Amino acid sequence: MFVTTQIIDYYNYPVNTNMYTETHSEMQFPAVTICNLNSLKRNSILNDTRMENHYLKLSLLWLFATPSNWSDPFFKEQFFFEKRTLNDVLKDHKIRSQPWVFNGRDLDATEYVSFFILRSGPCLTFDPNGQITADITGSNFNMNAWIDIDAENDYFGESFGTGIKFKIHDPREYPDFDGISDYYVEPGREISAAITKNKFEYLSKPYKAMANNYCREKRNSDGTDYYSTHCLKDCFARHMLASCGCVDFTANTATARLLKTCDCPMSCEFTRYDARITSTLFPSEFYAEQFDRYFPSHWDVKNYYRKNLINLRIYFDQLKTIVSKQTPKYSAGEMFG
């Protein structure tokens with residue numbers, strides 16, 4: 001009876017999950033994607049009721065918009081039906097940042113920062129190619145960025161609030177904001193984000209990665225790496241194509257696999273970054289006075305900083321990786337000799 005029960009258990013493919021810590025002398029720094037919650041730039045949008053109604057329809061107040069008359073020559077004159085490039089889109093949006101610093105060294109934004117169009121609009125990604133490594137820890141080192149949200153030019157956006165959202169992720173993954181590992185910051189804050197790297201290694205089918213879910217092998221049939229975020233992006237592009245004949249120009253047509261359904265299970269191997277977020281008011285009353293003293297200006301420095309600037313510091317708290325790895329509970333050799 002015991003042997004029969006054990007065999008049945010074997011064919012249920014049970015697993016053991018082991019957790020351990022790897023230490024490193026240096027680590028690849030993650031990518032950081034940053035989006036303005038109100039990225040449309042009001043002073044770049046034509047002051048016309050038809051244009052305002054169009055963006056109202058795309059906003060959180062869409063119920064108050066009226067149907068657009070697409071036969072009106074106005075929309076053709078404003079190039080609504082023309083193919084747009086990334087640079088065309090960026091002209092209408094607020095994508096601004098002050099110098100980027102890593103370990104105290106100024107970085108060339110043209111080399112270390114790229115722009116992407118996500119479903120919520122244009123965003124920028126720091127170190128999208130995984131070029132940077134960290135061998136020092138602590139809030140005085142690693143990434144330090146000054147973000148100017150240009151609040152004066154807020155327009156219809158994805159949020160009723162103002163500020164940024166950011167995501168810390170594997171550079172090889174598409175930075176899809178899923179509402180789970182996203183962070184939101186208001187202006188006038190100095191943010192410290194202490195990050196920990198977590199690596200997950202699950203067994204593929206017939207073993208179950210989580211509850212009743214199977215993961216997908218790391219490699220696609222064509223030899224490229226599989227990531228669920230890229231899969232979902234391709235699925236969204238297919239939905240766009242089927243719904244309106246539109247091609248999502250953010251899709252990479254060289255690697256896209258336009259799926260019939262969003263069958264996008266998690267990868268059997270992936271990396272996630274947890275962050276502990278703390279913040280302080282910026283600038284303090286004392287330093288606001290010093291700014292006025294040493295950097296005299298015709299405008300209200302403290303008020304501008306409090307409404308527009310965010311100092312974002314992201315750093316490893318330790319050079320380590322926490323690994324969670326599945327292994328089979330039984331091997332064929334143990335069961336059948």
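Readers should treat all values here as calculations from the given coordinates under stated rules, not as data from a laboratory. Just so it is clear, the model here is predicted, and its values are computed rather than measured. Heads up, the Cβs are rebuilt from the backbone with ideal geometry, glycines too, and the neighbour counts pull from every protein chain shown.
Here are some notes:
- Charge dipole (debye, nearest 20) of the chain; +1 at Cβ of Lys and Arg, -1 at Cβ of Asp and Glu: 640 debye
- Sites Phe116 and Ser25, calculated FRET efficiency, Cβ-Cβ separation with R0 45 Å, nearest 0.05: 0.90
- Here's how it looks for Thr133: its modeled amide H is under 5 Å from those of Phe29, which are all 5 or more places away or on a different chain.
- Alpha-carbon centroids, the range 19-86 and the range 122-182: separation in whole Å: 16 Å
- Equivalent ellipsoid semi-axes, the range 53-136, via Cα gyration tensor eigenvalues times 5, rooted, Å: 38, 15, 10
- Basic side chains Lys and Arg get +1 at the Cβ, acidic Asp and Glu get -1 at the Cβ, and with that the dipole of the range 103-242 about its Cα centre reaches some 900 debye.
- Separation of the Asn212 and Leu281 label points, Cα + 7 Å toward Cβ, nm: 5.2 nm
- Under 18 Å from Lys197, Cα to Cα: lysines that are on another chain or at least 8 residues apart: Lys167, Lys320, Lys325
- Scoring 123-129, 281-287, 318-324 by mean Cβ neighbours within 10 Å over their residues and listing the highest first yields 123-129, 318-324, 281-287.
- Note, ³J(HN,Hα) from phi for the range 52-67, Karplus 6.51, -1.76, 1.60, rounded to Hz, x at Gly and Pro: 4, 5, 4, 6, 4, 5, 8, 9, 5, 9, 4, 5, 8, 7, 10, x
- In Hz, Karplus ³J(HN,Hα) per residue of the range 120-134 (6.51, -1.76, 1.60; θ = phi - 60°; x = Gly, Pro): 8, x, x, 9, 10, 10, 7, 6, x, 9, x, 7, 9, 10, 10
- Degrees between helix 285-294 axis and first principal axis of the chain (Cα, 0 to 90, nearest 10): 50 degrees
- Orientation-averaged projected area, Cα convex hull of the range 144-205 (nm²): 6.6 nm²
- Structure note, pairs Lys41/Lys76; Lys91/Lys302; Lys94/Lys218; Lys208/Lys233: Cα-Cα distances above 32 angstrom occur for Lys94/Lys218.
- Pairs of Cα atoms nearer than 8 Å and 6+ residues apart set the relative contact order; for the range 1-149 it is 33 percent.
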